[in-house]
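A short worksheet on the structure shown next.
The values are calculated or read from the model by the stated rules, or taken from the named source; none is laboratory data. All values reported here derive from a predicted model rather than from experimental measurement. In this analysis, Cβ positions are derived from the backbone assuming ideal geometry, glycine residues included, and neighbour counts consider all displayed protein chains. With ligands, DNA and RNA removed, areas are computed over all heavy atoms of the protein, side chains included. Shrake-Rupley method; radii C 1.70, N 1.55, O 1.52, S 1.80 Å.
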Amino acid sequence: MNKTDMIEHMAKHADISKAAAGRALEAFMMGVRTNLKKGASVTLVGFGTFAVTKRAARSGRNPRTGETIKIKSAKLPKFRPGKAFKDALN
């Protein structure tokens, strides 16, 4: 399912227009993104938690040349599914 499919699904099941569903999806994604940038997590009870983790700097190798390179530290988004979400899948 891609973004367009999700918008269509939301519009159909919420009985709203595709434009309104698109705005709602964009607002949701922007809210998650904004809170993660601040370092906060976003918890949706029954669905899961979006959080930021930090990956430490490390050394790696360039696969073409075999040369050792330094890889910078980075912040990564993570999603941990909630129990109800996991139970719904099993």
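In this structure, M30 does not qualify as under 29 Å from A88 (Cα atoms), open to solvent by 80 Å² or more (accessible area, probe 1.4 Å) and not in a helix (DSSP H, G or I).
So which of G82, G66 is at positive phi and not hydrophobic (A, V, I, L, M, F, W, C)?
G66
If you check R64 against the conditions, is it open to solvent by 100 Å² or more (accessible area, probe 1.4 Å) and at pLDDT 95 or above? It is false that R64 is open to solvent by 100 Å² or more (accessible area, probe 1.4 Å) and at pLDDT 95 or above.
For the range 5-34, name all the residues that are in contact (Cβ under 8 Å) with a residue 12 or more places away in the chain and under 18 Å from F79 (Cα atoms). Within the range 5-34, L25, V32 meet the criteria.
Please verify whether the range 4-11 includes one or more residues that are open to solvent by less than 90 Å² (accessible area, probe 1.4 Å) and outside any helix (DSSP H, G or I). Don't jump to the end; show me each part of the working.
Here is the first cut: in the range 4-11, the ones open to solvent by less than 90 Å² (accessible area, probe 1.4 Å) are 4-11.
Still in the running and outside any helix (DSSP H, G or I): none.
No: the range 4-11 contains no residue that is open to solvent by less than 90 Å² (accessible area, probe 1.4 Å) and outside any helix (DSSP H, G or I).
Quick check: anything in the range 36-45 closer than 19 Å to N2 by Cα, surrounded by 11 or more Cβ atoms within 10 Å (Cβ to Cβ) and not aliphatic (A, V, I, L, M)? No - not one qualifying residue is present in the range 36-45.
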